1. Go through (1) on the phi > 0 side of the Ramachandran plot; (2) in contact with a helix residue (DSSP H, G or I) (Cβ under 7 Å, 6 or more places away or on another chain) for Val81 and report which single condition fails.
2. Assuming Met55 fulfils every condition listed in (1) crowded, with 23+ Cβ neighbours inside 10 Å; (2) closer than 18 Å to Leu118 by Cβ apart from one, which condition is it?
3. Within segment 9-36, which residues are touching a residue at least 24 places away in the same chain (Cβ under 8 Å), closer than 15 Å to Thr83 by Cβ and touching a strand residue (DSSP E or B) at 6+ places or on another chain (Cβ under 6 Å)?
4. Any residue at all in segment 95-108 that is free of Cβ contacts under 8 Å to residues at least 12 places away in the same chain, of a type in the set (D, E, K, R) and out of contact with any Cys (no Cβ under 7 Å at 6 or more places or on another chain)?
5. Residues being farther than 14 Å from Thr53 by Cα and within 15 Å of the chain's Cα centre (by Cα): count how many of those fall in segment 98-111.
6. Scanning for something within 28 Å of Gln129 (Cβ to Cβ) and exposed (fewer than 15 other Cβ atoms within 10 Å of the Cβ), does segment 3-13 turn up at least one residue?
7. Considering only residues that are assigned to a helix (DSSP H, G or I) and of a type in the set (Gly, Ala, Ser), look in segment 10-53 and name the one that is farthest from Ser72 (Cα to Cα).
8. Of all the helices (runs of 4 or more DSSP H) wholly in segment 56-145, which have at least 1 residues that are farther than 28 Å from Met1 by Cβ, at pLDDT below 95 and of a type in the set (S, T, N, Q)?
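The values are calculated or read from the model by the stated rules, or taken from the named source; none is laboratory data. No experiment lies behind these values; they were computed from the predicted model shown. Positions of Cβ are generated from backbone atoms using ideal geometry, with glycine treated the same way; all protein chains shown enter the neighbour counts.
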Amino acid sequence: MFRVLVVDDEEEVRQALARRLEREGYFVETAGSEGEGLASIKESEIPFDVVVTDMNMGDAFSGVRILEGAVSRDVFTEVVVLTAYGNVANAVECMKRGAFDYVEKNLPGVDVFELIVLKVEEAGRRRRQSVQTIRRLEDFQKTQA
């Protein structure tokens, strides 16, 4: 199953999300700040398949820096950005920088944890497909050499 990093400065949200993803069979690590998240991304022996990060952890761009750190470590890592303060400009900026999706935490009538589980599954599948495509291209190039 996929390796997921959850980065959120709200301990209750971070732990609830980790428990929910673990129940679905994911291997989950957590970080409580931008610094911890970036360190986990950098120091992890194997890159994470999916990173789920809060957008605002002390400043408005901490989620963007997590996104950039994850993608710079492994271009195939998919990032889901969470926010309690959604706005179009932030969503567009995250998507331009390579985020898989941008999810508001406080959507009325929506089980956000269930939505995030679905987004993680979709993101993990996209990562797996991307990696498989690259491997097929590499194999093809080897046969053509």
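1. The one condition Val81 does not meet is (1).
2. (2)
3. From segment 9-36, those touching a residue at least 24 places away in the same chain (Cβ under 8 Å) are 9-10, 13, 16-17, 20-21, 24-34, 36; that's our starting set.
Among the residues that remain, those that are also closer than 15 Å to Thr83 by Cβ are: 9-10, 13, 17, 34.
Correct list: Leu17 only.
4. Yes - at least one qualifying residue is present in segment 95-108.
5. Total satisfying the criteria: 0.
6. Step one: filter segment 3-13 for residues within 28 Å of Gln129 (Cβ to Cβ), giving 3-8.
The next check asks that each one be exposed (fewer than 15 other Cβ atoms within 10 Å of the Cβ); those that pass are none.
No, that holds for no residue.
7. Initially, segment 10-53 is screened for residues assigned to a helix (DSSP H, G or I), giving 11-23, 34-43.
Subsequent filtering for residues that are of a type in the set (Gly, Ala, Ser) retains 16, 18, 35, 37, 39-40.
On the way: Ala16: 28, Ala18: 24, Gly35: 16, Gly37: 14, Ala39: 13, Ser40: 13 Å.
The selected residue is Ala16.
8. Details: elements: 62-73, 88-96, 112-144.
Here the list reads 88-96, 112-144.
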